[in-house]
Structure formats: C-alpha cells, structure tokens
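Since every read-out is calculated from the coordinates, none of them should be taken as a lab result. Computed from a predicted structure; not experimentally measured. Cβ placement follows ideal geometry from the backbone for every residue including glycine, while neighbour counts extend to all protein chains displayed.
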Amino acid sequence: MSEIVNRVAQSKLVTLDLEEFYPKGTRLQIDIKDWLFQGLILKEKDFRNQISEHNWAQYEDAYVALYCSTEAIIPGWAYMLISTKLQPHAKKVVLGSLEDLETILFQEIIEKMNVSDFKDKPVIIKGCTNKPIPPNAYLWATIKLQPVAKSIMYGEACSSVPLFKRK
C-alpha cells in the first residue's frame with residue numbers, strides 16, 4: 001500500500017483568505033428618520049437639538065453606517081453634521097447600508113494590501129467565509145493580484161475554479 005501524499009500541501013499554491021483581513025469592531029447603523037418631523041421632514045432647529053443631545057459615546061471604536069429608512073429628502077449637510085459628532089468616536093462613518101460599509105472597508109484594505117508575497121505564485125482566493133465579505137472584495141482582490149500572480153483561482157484547493165493564468 002502506498003503512502004497518501006497531500007499534493008496540495010506540497011504545492012506552491014498560496015491561499016488568500018479575505019476573512020483574515022476582516023476589521024474587528026462593532027458595526028452599527030443610525031437611521032436618521034427618528035430625528036425628522038413625522039419621519040419625513042427635516043426641521044433644522046429640531047434636528048440640530050436632537051443631534052446635540054444624542055449620546056455619541058456609544059459609537060466608540062465602532063464602524064457606523066448612516067441612512068434614512070423613509071422616503072425623506074435629506075440635505076447633504078445633515079449627514080455631514082452627524083459625521084462631525086461621530087468623528088471623535090467612530091472608526092469609520094459611511095452613508096449607506098451595512099453592506100455599503102463593509103464594501104468601503106474592504107476597498108480600503110485591498111488598496112493597501114501588499115501583494116509581493118504572491119509574486120509568480122499560483123494563488124487561490126478562498127471562497128467560503130463566516131464573515132460578511134462583500135462581493136466586490138473578490139473582484140478587487142483578483143484585479144490587485146493579476147499583475148503579480150502566476151495564476152488565480154477561486155474556491156478551495158480541493159475544488160477551485162481557474163480565473164487567470166499568465167502566459
């Protein structure tokens with residue numbers, strides 16, 4: 001009987017697991033409808049009063065997504081005003097959903113990613129994660145790796161989908 005050889009472990013295949021880059025920290029949303037008259041109308045004086053009375057310390061070291069769940073027309077300065085209150089506390093503030101927040105975080109992460117370890121190597125971008133990795137992160141990782149990697153695959157080493165191979 002011959003010995004079982006793990007060819008994946010012996011290969012030069014390098015795995016990029018985007019989950020390893022997932023920023024630690026609480027994700028929170030602020031729905032500004034609660035600061036609007038009847039959830040629809042921004043009355044500047046009332047809005048400013050509610051903003052100044054809000055407990056901003058609860059967002060310490062959090063990633064915050066600002067949004068409005070109603071059909072209200074919100075002037076840009078309203079979100080800007082809220083961001084001035086969040087800035088001393090939150091790690092990051094975005095306008096949009098939690099999915100938008102994750103997308104922006106990963107765009108920044110991938111832009112800063114050092115890909116020199118992947119030079120001239122076959123790379124597999126791990127597909128299965130337990131954390132909410134935005135779909136765009138996979139696209140950006142592929143684009144970032146393509147100039148340096150020998151090949152790029154997606155999935156797991158045992159069942160990957162080839163995406164790119166340098167000729």
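Taking every DSSP helix (H) stretch of at least 4 residues in the chain, weighting each as -39,500 (n - 2.57) and dividing the sum by the residue count yields a mean residue ellipticity at 222 nm of -9000 deg cm²/dmol. Looking at the chain, the DSSP beta bridges with both ends there are about 30 percent antiparallel. Kirkwood's formula applied to the C-alpha pairs of the range 27-90 gives a hydrodynamic radius of 12.0 angstrom. Amide hydrogen proximity for LEU66: with H placed 1.01 Å from N in the peptide plane, the residues at 5 or more positions away or on another chain lying under 5 Å are ILE30, VAL94, LEU95, GLY96. For P(r) over Cα pairs in 10 Å bins from 0, in percent, computed directly from the structure shown, the correct entry in (1) 9, 33, 26, 17, 11, 4, 1; (2) 11, 41, 36, 11, 1; (3) 9, 30, 23, 17, 13, 7, 2, 1, 0 is (3). For the range 62-167, applying the loop criterion from DSSP together with a ceiling of 13 other beta carbons within 10 Å to the GluC sites (Glu not before Pro) yields GLU71. Applying 0.36 nm per residue to the separation of ILE41 and GLU99 and subtracting their alpha-carbon distance, the gain on full extension is 18.3 nm.
Each residue of the range 147-158 is assigned a 3J(HN,Hα), and the resulting list reads x, 10, 6, 6, 8, 10, 10, 10, x, 10, 4, 7 Hz, derived from the Karplus form 6.51 cos²θ - 1.76 cosθ + 1.60 (θ = phi - 60°), x at Gly and Pro. Partner aspartates and glutamates whose Cα lies under 17 Å from the Cα of LYS92, excluding those fewer than 8 positions away in the same chain, are identified as ASP31, GLU60, ASP61, ASP100, GLU102, GLU108, GLU111. Placing a label point 7 Å from the Cα of ASP61 along the Cα-to-Cβ line, the residues of the range 21-52 whose backbone N sits under 17 Å from it are 22-28.
Full extension of the chain between ARG48 and GLU111 yields a length gain of 19.1 nm, computed as 0.36 nm times the residue separation minus the alpha carbon distance.
For LYS119, the lysines whose Cα comes closer than 20 Å to its Cα, not counting residues fewer than 8 places off in the same chain, are LYS12, LYS144, LYS150, LYS165, LYS167.
Excluding same-chain neighbours fewer than eight residues apart, the lysines reachable from LYS91 by a Cα-Cα span under 20 Å are LYS24, LYS112, LYS131.
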